[in-house]
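Readers should treat all values here as calculations from the given coordinates under stated rules, not as data from a laboratory. For clarity, every value in this text was computed on a predicted model and none was experimentally measured. Virtual Cβ from ideal backbone geometry, glycine too; neighbours counted across all protein chains shown.
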Amino acid sequence: MRAGELARSRRRQEAIARAVAYVILVAGAAAIMVPFVWMVSTSLKDKDQLFTRELQWIPTLPVTVQVTDQEYNVYTSLSDGRYGLLLERLPAGKMRIAWLGKERPPETLARVPDDVETVLEEQVAQYRRPGARWSNYREALTPPNFRFLLYLRNTLIITIAALVGQVLSCSLVAFGFARLRFPARGPLFIMVLATMMLPAQVTMVPLFKLFVTVGWYDTFLPLTVPAFFATSGFFVFLLRQYFMGIPLEMDEAARIDGASSWQIYHRVVLPQARAAVATVAIFSFMAHWNDFLGPLIYLGSPELRTLSLALYAFQGEHSVDIQLLMAAATVVMLPLLVLFAVAQRYFIQGVVISGVKG
Amino acid sequence: MRRSSTLLRREALDGFLFISPWIIGFLLFTLGPMAYSLYASFCDWDMLHPPRWVGLTNYRQMFTDDFRFAKSLGVTLKYSAMALPLGVVTSLGIAILLNQKVKGLTFFRAIYYIPAILPGVAVAMLWKWIFNPESGVINLLLARLGINGPGWFTDPAWAVPALVIMSLWGAGAGMIIYLAGLQSVPTQLYEAAEIDGAGAWMKFRSVTLPMISPTIFFNVVMGIIGSFQVFTSAFVITGGAGSPAYSTLFYVLYLYQKAFNYFAMGYACALAWVLFLIILTLTLIVFWSGKHWVYYEAERKG
């Protein structure tokens, strides 16, 4: 009886807690989405809709009326709601309007109406209807504004070269630390972990000097070559942890069959560690795709810019064309969103491994 | 006997061969530059001429005659003091909610985590627009509530809080780590606590918190290191200036300016070493304090 009561009250408590949790989680998720929605919404607006004082989520476009071969913007009177065509803007905030009437104007007219009046800007409002300005994307992503394909190519070259380098070198090194016995293995591995604590700024200036001296400034080499030397302590650590979980007997069995360490590495251990390798590959991709400081320091020529660096430069040149900036930002974010959608498991796994170390 | 020792030698040789990329990389890209950086920190060096030894001058100037050094340290500390605790509370809070066996866990986890994976430059640009004082979505939303929003990145008092809010948006990585920690707490412990008559709060205080304290500990350490490395957001939002009135002059941003705007390479190296010492000290303090609040199961058994 007593136990039954306890269980029932516990179930009720849990149900309430779950309902409260649900409400907060949904609210939080909505809050997380606000910046994304705002970004996409902005990227589809035209310039006139950007710097308004009222909150407008839905992009609108000005309505125009075609009269013979001329297009006119439509305005509405704030006092009586009549529609009119803007004929011309005059000095001192005055406008010449040809009034139509109170019905929504048609798309084309045979001739401009005769009821022409000069009004003040404050007396009318531009007549707009919901509609997306997709051409922002074309404008934002084509030269001379933003040489998207070139920057994409640059980013891909760096990202893929570094990814191959990291996966190759870090897995080799991790294999050495996980499966082979050699003198000073422990202390050396502690050194690997210690480098994770070292802020990159300590080596930043001498590395810059080094790469300038060997003539690698303004090339992709400073951003890719170090990746081939297991410079990420985190990846070495992550792979070593995973390799250690693979039964050592498999190595021994292979050795008895005459396999070399190299064969054990790529025939026995690597095939078993696909998940860990995928995690490292994804994190390496993300780190290099998103890197800003590296390209900022080492790439001088505009033709060598990565997407992130180009986005920064674009912001400097087009600071008022927010709709173009947001369109470009959306496109630069997109590949990571796609990658996350197809490989969520490995993202989560990598984060979890990085956190359970404590 | 002989055979096994040859095998061992063979294995040791292989071992060194396998880790040789790291050894080369460590010497070439870490240890060598570290040593040079330490040397350069005692030099006047513009990278065009050879470094000239000046002893402790850089360090002395930093602590006695560099307004911007003090400012950048203050900005960074202020940011850390706000972003770290808020980050822990937010991400732990979300993780606890997600751990209530809610439906759609994968969906929520994805939504909360996505901001953490996006390119820093694009994210910074987006938030600069979100925080636009006149037409940004935050102030427009505040206006609907009848609140006159601050100038955010244009106001020295509000620039850092704005960056803190931005950092909370990306707190999803911590959330995933805490969630994994929470899921590994044995359910028997909760059941035992319930039999002892513990309510929800008591269970959280006496079971959840101690069991995940090592995870919190690790995240605090990584958070300290991370918050001292803020660069991209401040750089992109202020065009590298750290404005207004140096209110976003983060430590690493200042270091970058010294190195690549002023070509004071020796001074930049000295700044980097001070940064390293600060991070090391704070980490050691957290480690030391951890003895008092971090609970390790293995210790109790031992």
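What FRET efficiency comes out for the pair residue A:334/residue A:150, r = Cβ-Cβ distance, R0 = 25 Å, nearest 0.05? Show your work: numbers first, answer last.
On the way: r = 17 Å, r/R0 = 0.69.
Approximately 0.90, to the nearest 0.05.
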Any idea how far apart residue A:129 and residue A:52 come out in nm if each label point goes 7 Å out from Cα toward Cβ?
1.7 nm
Along the Cα-to-Cβ line of residue A:318, 7 Å from the Cα, sits a label point; which residues in the stretch A:126-151 have backbone N less than 11 Å from it?
A:136-148
So what are the ³J(HN,Hα) numbers for the stretch B:259-267, from phi and the Karplus equation (6.51, -1.76, 1.60; θ = phi - 60°), rounded to whole Hz, Gly and Pro as x?
6, 9, 9, 9, 6, 8, 5, x, 4
Starting from the amide H of residue B:263, placed 1.01 Å from N in the peptide plane, find each other amide H under 5 Å away whose residue is 5 or more places distant or on another chain.
none
Averaging the inverse of every distinct alpha carbon separation and then flipping it gives the Kirkwood radius. What is it for the stretch B:187-302, in angstrom units?
17.5 Å
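Let me know the charge dipole size of the protein assembly as shown about its Cα centre in debye, to the nearest 20, where only the beta-carbon of Lys, Arg (+1) and Asp, Glu (-1) is charged. Before the final figure, lay out each step's value.
Numbers: 53 positive and 39 negative charges, 435 e Å.
Dipole magnitude for the protein assembly as shown comes out near 2100 debye.
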How big is the convex hull of the Cα atoms of the protein assembly as shown, per residue, in Å³?
237 Å³
Kirkwood Rh for chain B from C-alpha pairs, in Å, is 23.0 Å
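How big is the Cα convex hull of the stretch B:138-188 in projection, averaged over all directions, in nm²? Please list the in-between numbers first.
Details: hull surface 22.5 nm².
Quarter of the Cα hull surface area: 5.6 nm².
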Rg over Rh, two decimals, chain A (C-alpha only, Kirkwood Rh):
1.17
Expressed to one decimal in nm², the mean projection of the alpha carbon convex hull of the stretch A:51-96 is 4.9 nm²
Name all residues of the stretch A:172-206 having a backbone nitrogen under 17 Å from the label point set 7 Å from the Cα of residue A:248 along its Cα→Cβ direction, giving them as ranges.
A:174-187, A:189
Report the full-extension gain for the segment residue A:194 to residue A:267: residue separation times 0.36 nm, less the Cα-Cα distance, to one decimal in nm.
23.2 nm
The relative contact order of chain B, taking Cα pairs under 8 Å that sit 6 or more residues apart, comes to a percentage of 27 percent
The stretch A:14-24 - phi-based ³J(HN,Hα) in whole Hz, Karplus 6.51/-1.76/1.60, Gly and Pro as x:
5, 5, 5, 4, 5, 5, 4, 4, 4, 4, 5
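Which percentage, to the nearest 5, of the DSSP beta bridges contained in the protein assembly as shown is antiparallel?
Working: 27 of 29 bridges.
Approximately 95 percent, going by the DSSP bridge assignments.
To the nearest 0.05, what FRET efficiency results for residue A:216 and residue B:16 with a Förster distance of 35 Å applied to their C-beta separation? Present the calculation step by step, with values, prior to reporting the outcome.
Numbers: r = 28 Å, r/R0 = 0.80.
About 0.80, to the nearest 0.05.
At 0.36 nm per residue, and after removing the present C-alpha to C-alpha distance, how many nm does the segment from residue B:49 to residue B:205 gain when stretched out fully? The partial results should precede the final answer.
Values: separation 156, 0.36 × 156 = 56.16 nm, distance 6.05 nm.
Roughly 50.1 nm would be gained on extension.
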For the stretch A:60-130, alpha-carbon Rg and Dmax in angstrom
11.2, 31
Based on the Cβ-Cβ distance from residue B:283 to residue B:188, what FRET efficiency comes out when R0 is 51 Å, to the nearest 0.05?
0.90
Run the numbers for residue B:6 and residue B:148: contour at 0.36 nm per residue of separation, minus the present Cα-Cα distance, in nm.
43.3 nm
q = 0.11, 0.24 Å⁻¹, the stretch A:125-204: log10 I(q)/I(0) [Debye, one scatterer per Cα]:
-0.62, -1.14
What are the ³J(HN,Hα) couplings of the stretch A:218-227, residue after residue, when phi is run through the Karplus curve with 6.51, -1.76, 1.60 and θ = phi - 60°? Round to Hz, x for glycine and proline.
6, 10, 7, 4, x, 8, 10, 4, x, 4
If you wrap a convex hull around the C-alpha atoms of the stretch B:52-210 and split its volume per residue, what is the figure in Å³?
221 Å³
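Just from its helices, what would the mean residue ellipticity at 222 nm be for the protein assembly as shown, if runs of 4 or more DSSP H residues each count -39500 (n - 2.57) and the sum is divided by every residue, rounded to the nearest 500 deg cm²/dmol? It would help to have the intermediate numbers written out before the result.
On the way: 29 runs with 406 residues, N = 660.
-20000 deg cm²/dmol, from helical runs alone.
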What ranking, highest mean first, results for peptides A:91-99, A:108-116 when packing means the other Cβ atoms within 10 Å averaged over each residue?
A:91-99, A:108-116
Paramagnetic reach from residue A:82 (point 7 Å along Cα→Cβ, amide N under 19 Å) across the stretch A:94-118
A:94-106, A:109-118
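About its Cα centre, how strong a charge dipole does chain A have in debye, to the nearest 20, once Lys and Arg get +1 and Asp and Glu get -1 at the Cβ?
Numbers: 33 positive and 26 negative charges, 347 e Å.
Using Cβ point charges on Lys, Arg, Asp and Glu, chain A gives about 1660 debye.
If Lys and Arg each add +1 and Asp and Glu each add -1, what is the summed charge of the other residues whose beta carbon sits under 10 Å from the beta carbon of residue A:96? Mind dumping the intermediate values first?
Values: positive: A:89, A:94; negative: A:88, A:117.
Here the count lands on 0.
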